[in-house]
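**Student:** Can you keep this structure in mind? I'll have questions shortly.
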Amino acid sequence: MKLTLKVWRQSKPDKVENGKLISGGGKMETYQVSDVSKDMSFLEMLDVLNEDLLRSGKEPIVFDHDCREGICGMCSMYINGQPHGPQQGTTTCQLHMRSFKDGDTIYIEPWRAKAFPVIKDLMVDRSAFDRIMQAGGYVSVNTGVTVDANEIPIAKSTADKAFDAATCIGCGACVAACKNASAMLFVSAKVSQLSMLPQGKTERKTRVENMVAQMDAEGFGACTNTGACSAECPKGISMEYIARMNREYYGAKLTSNNV
Amino acid sequence: MKLESKIPDGPLAEKWERHKFNIKLVNPANKRKYDVIVVGTGLAGASAAASLAELGYNVKSFCFQDSPRRAHSIAAQGGINAAKNYQNDGDSVFRLFYDTVKGGDYRSREANVHRLAQVSVNIIDQCVAQGVPFAREYGGLLDNRSFGGAQVSRTFYARGQTGQQLLLGAYSALSRQVANGKVKLYPRTEMLDLVTIDGKARGIITRNLVTGQIESHSAHAVLLCTGGYGNVFFLSTNAMGSNVTAAWRAHKKGAHFANPCYVQIHPTCIPVSGDYQSKLTLMSESLRNDGRVWVPKKIEDAEKIRKGEMKPESIKEEDRDYYLERKYPSFGNLVPRDVASRNAKYVCDEGRGVAPTGLAVFLDFRDAIKRDGEDLIRAKYGNLFQMYEKITDDNPYETPMKIYPAIHYTMGGLWVDYNLMTSVPGLYALGEANFSDHGANRLGASALMQGLADGYFVVPYTIGDYIATLPTDKVPTDHPAFKEAEANVKANIDKLLSINGDKTVDDFHKELGKIMWDYCGMSRNAEGLKIAKEKVQKLRKEFWSNVKVLGGSEELNITLEKACRVSDFIELGELMIDDALMREESCGGHFREEYQTDEGEAKRDDDNFSFVAAWKYVGEEAQEELIKEDLIFENVKLTQRSYK
Ligand SMILES: Cc1cc2nc3c(=O)[nH]c(=O)nc-3n(C[C@H](O)[C@H](O)[C@H](O)COP(=O)(O)OP(=O)(O)OC[C@H]3O[C@@H](n4cnc5c(N)ncnc54)[C@H](O)[C@@H]3O)c2cc1C
Ligand code: FES
């Protein structure tokens, strides 16, 4: 296959000042790639392009990636305007070139969200997600101070539901897909996982309040329930967790004197 | 020189308890005066950093990814072992210990392995308390499965994403300590050197991967939890960034490297499809419970399949060679990883491999589907089949999967004593980065166990024994040792940037990988290893005169990052070859063609090679010095593994 790629190149990082994102400035560059095999992964196609760029003395395109198995959540880019590209339930690293045809033009851009400033080219800063987790995405238990694992039985259906929420890979596609750049799906997945399990119930009120407060402080937008987040989520995290988190949140607000 | 393994006295089952009682403690009020650097945020690093912070130490935590949650541990699929005996099927701490020593082909330390089996039960309790959603039975209790040919069901799992769930648990504990102000995170930061003062580890030199800044960090102790070195082969199941740089540079500062030639090759990976291949994907071992491995009996049939002129489904029963079932009637398709891998290589070497490259065998579910129905097979392996189809565009319900062995795990690593301290005082190594528990071969579901054991339950105790001997004074980073190390790191980077040759870093990495795979991979022999050594030496020279690294040092530079890593892989590759050449026996993952039984199986030489090979760095381009730590077996009887 022969393809035309239009790739966002940005050498200076974005900055956030007084809650406003100031772009580092960049532009779409055009590249022609040939000899693309349908069995290549999308990132392998970019590897080959990068090798060509290097050989001709040009700087390679920077993008985040690591596991290339759809689990670390590192890869992150819009492909033709869609987070992680056209295939449902698939991260960029698991997308293969057989999803494209000879002669296609493909547009590749970094996540665009106020809370995810661009670092370089396709690489963005998602540390806001880490800070939300630090605000409460855990059970407060020290190493070694606990009971036997089978002491508290958990219904299989509950454990499975908690697991479904816990499969979030923290890639940020939900934010990238949302017109408001909301992080509700990401936050709700963690809040739901921990509030459903008996181990996480003690702290459920403060957890949801603190995590939501941090989410707002990071500059993520409000949720208007469009469902784009869940539709684009490579792990298919369901919108029902957002509803669950809203219940948790209002329940907590009604009874707490926190935050 | 002799290595002190510091194994405590007393009966096996009491060693750890006694040791914990005998080691020095750091007064709780004093802990906050000590700083600990933890490099790596995988299962080993995240669990250690969180636990040490809970105890009161000040922790600095480093990783090269953008978030600690993305460490390579996230990719582990199958599960984690623990001797809980919840299934009442006769498991016990001793049995897990025994299986691990035997599985490692009697090349690990008894005392370490026994401790691992002991603390395995605490790991599961800890993870459940953190909210890790393990699989459960309808009654609400934890579910187990048998894994990797084990005869008891002791593997805990979270669908096919066990590593992810365990790591997110450890990451949550780490995040809590960040919020408490006890851990400071340094993501996108790569350790490029270890700093020693008066022979003790006192800090590290790092490069900020975003700005390119070289920085010094000092501490009272340094923990390397930096994972394995499988990427020396270029293609492996490891994440793209996994590397040996931290361990290797510590090695050059005095930490001995043990058993580098012990690597594990996993039999069921998706085969290479072309030159552009960047990594290999593992298909879970559990598939061998129902899939049957075969190749065509006739070379002509294999040729036709390779050319696409024939479909595997159309090969008649009598023309198929189910070679594992034929050669190993009692274990069949469930023989250990090394045996399954080697046999796949043999049939492909004979010209009976399938797939266009000739390097693949079939894993066929036809009979299982006939026996159990497609629904049941889908329920068991649905996600794996789907992943396979995504990558290969073949539907395994209709046509057999194609698989081939790939580098998966490295048993070798930095030498550590019973306290997990390396040969540099104050420097510890945890998880896959050390050599300690798996001998010459690791059993499935035991790496996750070891990483978490080291981080949650071993090092938080043993580190006190060392720290208690230190004054609380901080080491200033303007000490000449830091300045010198910084200058060396910068000089090394400048040199890489100044070469401006013709070949890319990946060119060199691929070439290295091919040499290692051809001569120091699934099977090795003296002649080949000698050739490989020459080739690697030549490659190293060429690298330093002809590599092309663009851009500058004080900026985000992905090519420079790779170049640093590959330069270390090349040096490690040579040591692996030395180690493989020295070990004139076959054991576990190390198969020397000259040393096999009449039936073609690995033949150990316990009289002469029952030792840990610890290599001491003695200077640039000089032959490393071999130091032997004899292995003493008091509780298990050494036998030849047989799977016939
Ligand atoms: C596909 C796959 C499936 C697996 N499945 C299983 C399984 O089912 N069961 C099982 O028991 N084992 C399994 N394993 C093995 C197991 O996952 C690993 O051995 C284990 O997770 C290693 O953990 P670790 O903490 O030692 O290192 P890692 O998780 O590799 O973490 C290394 C850390 O070190 C950091 N680092 C490395 N170098 C530097 C540096 N120079 N500077 C700064 N930071 C650095 C990285 O950023 C990372 O945070 C599997 C492995 C693979 C590849
Ligand atoms: S690279 Fe890990 S999810 Fe894509």
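**Student:** If a paramagnetic tag sat 7 Å from the Cα of residue B:635 along the Cα-Cβ line, which residues of region B:1-29 would have the backbone N under 18 Å from that point?
**Tutor:** Correct set: B:5-22.
**Student:** Count the lysine pairs in region A:127-254 whose Cα atoms lie under 21 Å apart, taking only pairs 8 or more positions apart in sequence or on different chains.
**Tutor:** 14
**Student:** For chain B, place one equal point scatterer on every Cα, skip the solvent, and apply the Debye formula. What is log10 of I(q)/I(0) at q = 0.06, 0.08, 0.11, 0.12 Å⁻¹?
**Tutor:** -0.31, -0.56, -1.10, -1.32
**Student:** Would you please state which residues of region A:186-218 a label at residue A:180 would reach in this model, taking the label point 7 Å out along Cα→Cβ and a backbone N cut-off of under 19 Å?
**Tutor:** Answer for region A:186-218: A:186-192, A:208-218.
**Student:** Also: Divide the volume of the convex hull of the Cα atoms of the protein assembly as shown by its number of residues and quote the answer in cubic angstrom per residue. Can you show the working numbers first?
**Tutor:** On the way: hull volume 144.5 nm³, N = 903.
Measuring per residue, one finds 160 Å³ for the Cα hull of the protein assembly as shown.
**Student:** At a probe radius of 1.4 Å, figure out the B/A buried accessible area, summed over both chains, and give it in Å² to the nearest 100.
**Tutor:** Working: alone 25100 and 13310 Å², together 32180 Å².
Summed over both sides, the interface buries about 6200 Å².
**Student:** For an R0 of 56 angstrom, estimate the FRET efficiency from the Cβ-Cβ distance between residue B:544 and residue A:254 and round to the nearest 0.05. Mind dumping the intermediate values first?
**Tutor:** Numbers: r = 67 Å, r/R0 = 1.20.
For residue B:544 and residue A:254, the calculated efficiency is 0.25.
**Student:** Right, something else. Angle, helix B:374-392 long axis vs. longest principal axis of chain B, Cα atoms, 0 to 90°, nearest 10?
**Tutor:** Rounded to the nearest ten degrees, it is 70.
**Student:** What per residue convex hull volume, in Å³, do the alpha-carbon atoms of region B:1-112 yield? Don't skip to the answer; put the middle values down first.
**Tutor:** Values: hull volume 22.5 nm³, N = 112.
Here the figure is 201 Å³ per residue.
**Student:** Can you list the residues, at least 5 places off or on another chain, whose amide H is less than 5 Å from the amide H of residue B:264, using H built in the peptide plane?
**Tutor:** Amide H neighbours of residue B:264, under 5 Å, 5+ apart: B:408, B:409, B:410, B:411.
**Student:** By per-residue mean of other Cβ atoms within 10 Å, what is the highest-first order of A:115-122, B:170-177, A:223-230? If you can, show how the numbers build up before the last one.
**Tutor:** Working: A:115-122: 24.2, B:170-177: 27.6, A:223-230: 16.8.
Most protected by this proxy first, the peptides run B:170-177, A:115-122, A:223-230.
**Student:** Run down the lysines and flag those whose C-alpha is under 22 Å from the C-alpha of residue A:101, throwing out any fewer than 8 positions away in its chain.
**Tutor:** Residue A:101 reaches A:2, A:6, A:38, B:390.
**Student:** Summarise the partner chain shielding of B:65-77 as one whole number: the mean count of Cβ atoms from other chains within 10 Å of each residue's Cβ.
**Tutor:** On the way: counts 6, 15, 9, 2, 8, 11, 3, 4, 1, 9, 7, 1, 2.
For peptide B:65-77, the averaged partner shielding equals 6.
**Student:** Tell me the per residue accessible area of the protein assembly as shown using a 1.4 Å probe; a whole number in Å² is fine. Can you show the working numbers first?
**Tutor:** Working: 32180 Å² over 903 residues.
Accessible surface, normalised per residue, equals 36 Å².
**Student:** While we're on this one: Which pairs, out of B:483/B:548; B:6/B:616; A:58/B:548, put more than 21 Å between their alpha-carbon atoms? All intermediate terms of the calculation are to be shown ahead of the outcome.
**Tutor:** Working: B:483/B:548 28 Å; B:6/B:616 19 Å; A:58/B:548 11 Å.
Distance filter (> 21 Å) returns B:483/B:548.
**Student:** Please grab the % of Cα pairs in region A:127-254 that end up more than 19 Å from each other. Let's see the in-between values first.
**Tutor:** Details: 3821 of 8128 pairs.
That fraction is 47 percent.
**Student:** How long are the three semi-axes of the equivalent ellipsoid for region B:435-551, computed from the Cα gyration tensor as the root of 5 times each eigenvalue, in whole Å, largest first? Display every interim value, and only then the final one.
**Tutor:** Working: eigenvalues 255, 171, 33 Å².
Its equivalent ellipsoid spans semi-axes of 36, 29, 13 Å.
**Student:** Too long at a 26 Å Cα-Cα cut-off: which of B:345/B:541; B:31/B:84; B:541/B:562? Please list the in-between numbers first.
**Tutor:** Values: B:345/B:541 32 Å; B:31/B:84 33 Å; B:541/B:562 17 Å.
Those over the limit are B:345/B:541; B:31/B:84.
**Student:** Between residue B:275 and residue A:27, what is the FRET efficiency for a Förster distance of 45 Å, r being their Cβ-Cβ separation, to the nearest 0.05?
**Tutor:** That gives a FRET efficiency of 0.90.
**Student:** Let me have the relative contact order for chain A, percent, based on Cα pairs under 8 Å that are six or more residues apart. Please list the in-between numbers first.
**Tutor:** On the way: 471 pairs, mean separation 49.5, N = 259.
Relative contact order, chain A: 19 percent.
**Student:** To continue, here is another question. On average, how much area does the Cα convex hull of region A:3-120 cover when viewed from any direction, in nm²? Could the numbers behind the result be given before it?
**Tutor:** Details: hull surface 30.4 nm².
Across all orientations, region A:3-120 yields a mean hull projection of 7.6 nm².
**Student:** So how strong a dipole does region A:127-254 carry about its Cα centre when Lys and Arg Cβ are +1 and Asp and Glu Cβ are -1, to the nearest 20 debye?
**Tutor:** Working: 13 positive and 12 negative charges, 48 e Å.
My answer is approximately 240 debye.
**Student:** Around residue B:196, which amide H atoms from residues at least 5 apart in sequence, or from another chain, sit under 5 Å from its own amide H, with H modelled in the peptide plane?
**Tutor:** Under 5 Å from the amide H of residue B:196: B:202.
**Student:** Expected output is a single nm value to one decimal: the length gained when fully extending between residue B:307 and residue B:596, i.e. 0.36 nm times separation in residues minus the C-alpha distance. What is it? Mind showing how you got there, number by number?
**Tutor:** Numbers: separation 289, 0.36 × 289 = 104.04 nm, distance 3.49 nm.
That works out to 100.5 nm of additional length.
**Student:** A further question on this structure: State the three equivalent ellipsoid semi-axes of region A:72-188, derived from the C-alpha gyration tensor as the square roots of 5 times its eigenvalues, in descending order and whole Å.
**Tutor:** Details: eigenvalues 233, 70, 28 Å².
Those come to 34, 19, 12 Å.
**Student:** Could you work out, for region B:200-337, what percent of all Cα-Cα pairs fall into each 5 Å distance bin, beginning at 0 Å and stopping at the bin that holds the largest distance?
**Tutor:** 2, 7, 11, 13, 13, 13, 10, 8, 6, 5, 5, 4, 2, 0
**Student:** Over the C-alpha atoms of region B:32-191, what are the Rg and the largest Cα-to-Cα span, Dmax, in Å?
**Tutor:** Gyration radius and largest Cα-Cα distance of region B:32-191: 16.9, 49 Å.
**Student:** Compute the distribution of all C-alpha to C-alpha distances in region B:151-255, in bins of 5 Å from 0, and list the percent of pairs in each, rounded to whole numbers.
**Tutor:** Result, from short to long distances: 2, 10, 14, 17, 19, 17, 11, 6, 3, 1, 0 percent.
**Student:** On the protein heavy atoms, probe 1.4 angstrom, tell me the percent of accessible surface of region A:127-254 carried by carbon and sulfur.
**Tutor:** Working: 2430 of 4670 Å².
Ligands and nucleic acids excluded, carbon and sulfur give 52 percent.
**Student:** How much mean residue ellipticity at 222 nm does the protein assembly as shown get from its helices, if each DSSP H run of length 4 or more adds -39500 (n - 2.57) and you divide by all residues, to the nearest 500 deg cm²/dmol?
**Tutor:** Values: 28 runs with 326 residues, N = 903.
Helix contribution divided over all residues of the protein assembly as shown: -11000 deg cm²/dmol.
**Student:** If you average the C-alpha positions of region B:530-599 and of region A:13-77 separately, how far apart do those two centres end up, in angstrom?
**Tutor:** Measuring centre to centre over Cα atoms gives 28 Å.
**Student:** Please work out the Cα convex hull volume for chain A and give it in Å³ per residue.
**Tutor:** On the way: hull volume 39.4 nm³, N = 259.
Spelled out: Cα convex hull of chain A, divided by residues, is 152 Å³.
**Student:** I've got another one for you. Does anyone have the angle between helix B:505-520 and the longest principal axis of chain B? Alpha-carbon axes, 0 to 90°, nearest 10?
**Tutor:** The angle comes out at about 60 degrees.
**Student:** Using the C-alpha gyration tensor of region B:521-581, what are the square roots of 5 times its eigenvalues, in whole angstrom, with the largest one first? Show your work: numbers first, answer last.
**Tutor:** Working: eigenvalues 170, 27, 11 Å².
Whole-Å semi-axes of the equivalent ellipsoid: 29, 12, 7.
**Student:** Need one word for region B:591-640: rounded, prolate or oblate. Basis is the Cα gyration tensor (sqrt eigenvalues a ≥ b ≥ c); a/c below 1.5 gives rounded, then a/b vs b/c decides.
**Tutor:** Details: a/c = 4.66, a/b = 1.53, b/c = 3.04.
Because a/c hits 1.5 or more and a/b fails to exceed b/c, region B:591-640 counts as oblate.
**Student:** Please report the Cα spread of region B:268-408 along all three principal axes, rounded to whole Å, starting with the longest.
**Tutor:** Principal extents (largest minus smallest coordinate, Cα): 37, 35, 31 Å.
The values are calculated or read from the model by the stated rules, or taken from the named source; none is laboratory data. Keep in mind that this is a model prediction, so the values were computed, not measured. FYI the Cβ positions are ideal-geometry reconstructions off the backbone, even for glycines, and counts take in every protein chain you see. Accessible surface is based on the protein model in full, side chains and every heavy atom, while ligands, DNA and RNA are left aside. Shrake-Rupley method; radii C 1.70, N 1.55, O 1.52, S 1.80 Å.
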